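The values are calculated or read from the model by the stated rules, or taken from the named source; none is laboratory data. All figures in this text were calculated on a predicted structure; none of them were measured in a lab. Methodologically, a virtual Cβ is constructed for each residue, glycine included, from the backbone with ideal geometry; neighbour enumeration extends over all protein chains shown.
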Amino acid sequence: MSGFRDAEGRFVTWRDVDFKHMAVRVTAKPHWGFHPKNWEEREVPVPQKLIALLQSFRPWTAGPDDPVFPSSSGRPDGAMLEKLKSVAWRGKLNCGHCVVSHKLDDETVKANRCAEGPFCRRWFLHKFRHTYATRHLQDGIDIRPAAMDGAPRHRFHDGLSQGRQEQRHPGAAQ
């Protein structure tokens, strides 16, 4: 629902979520060693549905600098891919044909089959970024100018009215 890269989503804090203006910011988190690609901090409009989900998901104990998706230690969750693959496995969404081989410490080769567990290669986090771009194209939102000239993506999002864009980013909605 946001088109964020894997690390961008992992390092979102509650301070980055703007419930009033329905947007989420991508900001550097040097204390966690995170910097956006090309140091491009930006604000991404998100659908009302996502804002509502985030409001209901936010723990009452969460501070503004806590990650939205924390691990059990309270740091940003680095196991999102494994969780995605587990959800796909439980939902019986694996293709059933993938085999992922890797060497163990003792030099033996282990083969993980997606027919037997959460190892399907079809499930990866970047797939959701692809889906986000595809849905925008299907809805008539031109994503090429944002990708080609480095313009802020919020100019091409249909979730904000032109007036709200003008209010938050003077001169952006043209």
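Within segment 109-159, the residues that satisfy the criterion of being modelled with pLDDT under 75, among the aliphatic types (A, V, I, L, M) and surrounded by 13 or more Cβ atoms within 10 Å (Cβ to Cβ) are Ile141, Ile143, Ala146. Of the residues making up segment 28-44, one or more are hydrophobic (A, V, I, L, M, F, W, C), within 27 Å of Ala133 (Cα to Cα), surrounded by 10 or more Cβ atoms within 10 Å (Cβ to Cβ) and touching a residue at least 40 places away in the same chain (Cβ under 8 Å).
Hey, any hits in segment 47-65 for a residue that's of a type in the set (Phe, Trp, Tyr) and touching a Pro at 6+ places or on another chain (Cβ under 7 Å)? There is no residue in segment 47-65 that is of a type in the set (Phe, Trp, Tyr) and touching a Pro at 6+ places or on another chain (Cβ under 7 Å).
Considering Leu125, Leu93, Leu137, Leu84, the condition of being of a type in the set (A, V, I, L, M) and without any contact (Cβ under 8 Å) to a residue 24 or more places away in the chain is satisfied by Leu137 alone. Pairing residues of segment 63-80 that are at pLDDT 90 or above and surrounded by 13 or more Cβ atoms within 10 Å (Cβ to Cβ) with residues that are hydroxyl-bearing (Ser, Thr, Tyr) and not in a helix (DSSP H, G or I), at Cβ distances under 6 Å and at least 6 apart in sequence or on separate chains, gives Pro67/Thr13.
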